[in-house]
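> Below is a structure I'd like to ask you about.
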Amino acid sequence: MSLPLCRLYLITPPRLDDLATFGRTLAHTLDAGDVAALQIRLKDAPDEVIAAAVDALLPIAQARDVAVILNDRPDLAARQGCDGVHVGQDDAPLAQARKIMGPDAMIGVTCHDSLHLAMEAAEGGADYVAFGAFFPTTTKDATTHAEPALLTGWQADMIIPCVAIGGITAATARGLAAAGADFLAVSAGVWSHADGPEAAVKAINAEIAAGVAERA
């Protein structure tokens, strides 16, 4: 029986002031190791800024078989040709996002530390649920704290993949992969890595592999 797979789910920095430079950095970063998805997360940015970011980054990611997920905005995600959208509890409802995006799009839902919210999302047709924050994070104001046991329980009982998010770095990736995360969502842990994002991707993938092996 093959081991469950856990993969890196990369989130952009919260600001992208120079898309050309970041695009080159992104290409090298994605070439450094396995990345399942890229979430473009530009909170409170104007629509034209988000659209420009998608236009610049989507071809780079999709050329490497990396799915492009837009945060919060199913309307823009559909219009810009993204592979999916991620919605929070205060964003567009899952049913509305599915109606806008269509049956084949990937839709993820933030579920904080709540099995109840996650089960509702799964029953509503979400493609994945996201739990967190597992560690302190400077990327967003996290109001909930999730424990690794939540991932283990979800993996045992549910088919819908789960994403772990919140302050994840190479130093903490192994434990979450071992606990049962299907994906690790990482932002600052890659972009702010002391040795650069390429080194971060390599290090996180190595820790993921070690964590998955511990599940056996």
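> Quick one: how many residues across region 67-102 are outside any helix (DSSP H, G or I) and within 29 Å of GLY153 (Cβ to Cβ)?
Residues in region 67-102 being outside any helix (DSSP H, G or I) and within 29 Å of GLY153 (Cβ to Cβ): 15 in total.
> In this structure, is MET101 of a type outside the set (Asp, Glu) and buried (at least 19 other Cβ atoms within 10 Å of the Cβ)?
yes
> I'd like to know if region 52-60 contains one or more residues that are outside any helix (DSSP H, G or I), over 18 Å from TYR128 (Cα atoms) and in contact with a helix residue (DSSP H, G or I) (Cβ under 6 Å, 6 or more places away or on another chain). Let's see the steps before the verdict.
Quick first cut of region 52-60, residues outside any helix (DSSP H, G or I) only: none.
No: zero hits.
> Could you please let me know if VAL163 is at pLDDT 95 or above and within 21 Å of PRO197 (Cβ to Cβ)? Spell out how you get there, then give the answer.
Working: at pLDDT 95 or above: yes; within 21 Å of PRO197 (Cβ to Cβ): yes.
Considered against the rule, which asks whether it is at pLDDT 95 or above and within 21 Å of PRO197 (Cβ to Cβ), VAL163 comes out as yes.
> If you don't mind, there's one more thing I want to ask. Looking at region 28-48, which of its residues are surrounded by 15 or more Cβ atoms within 10 Å (Cβ to Cβ) and over 18 Å from ILE165 (Cα atoms)?
Here is the first cut: in region 28-48, the ones surrounded by 15 or more Cβ atoms within 10 Å (Cβ to Cβ) are 29-30, 32-42, 45.
Within region 28-48, THR29, LEU30, ALA32, GLY33, ALA45 meet the criteria.
> Still on this structure: Criterion first (over 16 Å from the mean Cα position of the chain (by Cα) and farther than 25 Å from THR138 by Cβ) does ILE60 satisfy it?
The answer is yes for ILE60.
> Related question: Can we say THR21 is in contact (Cβ under 8 Å) with a residue 60 or more places away in the chain and of a type outside the set (A, V, I, L, M, F, W, C)?
no
> How many of the residues making up region 86-142 are at pLDDT below 95, acidic (Asp, Glu) and more than 17 Å from the chain's Cα centre (by Cα)?
The total comes to 1.
> In contact with a strand residue (DSSP E or B) (Cβ under 9 Å, 6 or more places away or on another chain), on the phi < 0 side of the Ramachandran plot, touching a residue at least 24 places away in the same chain (Cβ under 8 Å) and among the small types (Gly, Ala, Ser): which single residue out of ALA56, ALA67, ALA52 fits that description?
Exactly one residue qualifies, and that residue is ALA67.
For every residue, the table says whether it meets (1) polar (S, T, N, Q); (2) surrounded by 18 or more Cβ atoms within 10 Å (Cβ to Cβ); (3) free of Cβ contacts under 8 Å to residues at least 40 places away in the same chain.
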site: LEU117; (1), (2), (3): no, no, yes
site: ALA122; (1), (2), (3): no, yes, yes
site: HIS145; (1), (2), (3): no, no, yes
site: THR152; (1), (2), (3): yes, no, yes
site: ILE159; (1), (2), (3): no, no, yes
site: VAL163; (1), (2), (3): no, yes, no
site: ALA173; (1), (2), (3): no, yes, yes
site: VAL190; (1), (2), (3): no, yes, no
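> Another one. I'm told LEU5 meets every condition in (1) under 18 Å from the mean Cα position of the chain (by Cα); (2) within 17 Å of VAL186 (Cα to Cα); (3) crowded, with 19+ Cβ neighbours inside 10 Å except one. Can you identify the failing condition by its number?
Condition (3) is where LEU5 drops out.
The values are calculated or read from the model by the stated rules, or taken from the named source; none is laboratory data. Keep in mind that this is a model prediction, so the values were computed, not measured. Neighbour counts run over all protein chains shown; Cβ positions are idealised from the backbone, glycine included.
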